[in-house]
Amino acid sequence: MNIGRLGDADSETSLREGSLGRLGCIADGGPYVVPVNYLFDGQDIYIHSAPGKKIDALRANPLACLQVDEIKDTYHWRSVIAYGIYEEISDDKTREEILVKLFNRLPNMTPVESRLVEGLKAAIVFRIKVDEITGMGEDW
């Protein structure tokens with residue numbers, strides 16, 4: 001067992017292979033963390049959402065992070081955090097392309113995503129323009 005900092009390649013691999021993470025932002029002056037499904041293309045993180053608290057928070061303060069973990073057992077785990085800036089995708093063609101990629105990665109949609117299927121025009125598609133990625137855990 002060798003737990004320590006993960007290299008860039010291992011951290012990026014964990015982000016790329018994952019699909020469920022915890023989005024962190026500032027809401028009403030304090031930390032706010034929610035689970036989200038996401039897609040990492042090697043450069044940016046893409047997420048979609050219904051309007052609500054997290055979107056209001058990110059519009060007010062675009063600093064955000066996404067934490068992803070892989071846990072095999074107590075002694076075999078990895079945790080990666082990507083830090084960046086929130087940016088909404090407003091171009092219809094790009095929004096559609098990203099939504100298709102997201103839904104292709106999500107074999108079992110959550111209730112929020114099921115509601116969005118009925119009203120994808122209301123879905124807010126955004127990216128976190130990643131500035132920094134850090135990782136800790138076991139070097140597999």
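Using a cutoff of 8 angstrom between alpha carbon atoms and counting only pairs six or more residues apart, the relative contact order for the chain works out to 36 percent. Working from label points 7 Å from Cα in the Cα-to-Cβ sense, the D28 to D41 distance is 3.5 nm.
Find how many whole Å separate the alpha carbon centroid of region 1-30 from the alpha carbon centroid of region 42-87. Centre-to-centre distance over Cα atoms comes out at 8 Å. Ranked for footprinting exposure by Cβ neighbours inside 10 Å, fewest first, L99, L20 give L20, L99. If you run the Gaussian network model on the chain, springs between alpha carbon atoms under 10 Å, then out of V80, V34, V130 the most flexible one is V34. The phi-based Karplus calculation (6.51 cos²θ - 1.76 cosθ + 1.60; θ = phi - 60°) puts the 3J(HN,Hα) values of region 15-20 at 5, 5, 7, x, 9, 10 Hz, whole numbers, x for Gly and Pro.
Taking Cα atoms only, the orientation of helix 92-105 departs from the longest principal axis of the chain by about 50 degrees. Zone of D131 (label point 7 Å along Cα→Cβ, backbone N under 20 Å): which residues in region 1-19? Within reach of a label on D131, which here means backbone N under 20 Å from a point 7 Å along Cα→Cβ, region 1-19 contributes 8, 12. Dividing the convex hull volume of the alpha-carbon atoms in the chain by its residue count gives 116 Å³ per residue.
Charged side chains reduced to their Cβ positions (Lys and Arg at +1, Asp and Glu at -1) give the chain a dipole of some 420 debye around its Cα centre.
Modelled spin-label separation between K101 and R5, with each label point placed 7 Å from Cα along the Cα-to-Cβ direction: 2.9 nm. Note on region 38-100: Cα-Cα pairs beyond 19 Å make up 43% of the total pair count.
Where a number appears in this text, it was derived from the coordinates with a stated rule and is not lab data. Fair warning: this is a prediction, and the values are worked out from it, not measured in the lab. Note that we place each Cβ from the backbone using ideal geometry, even for glycine, and neighbour counts take in every protein chain shown.
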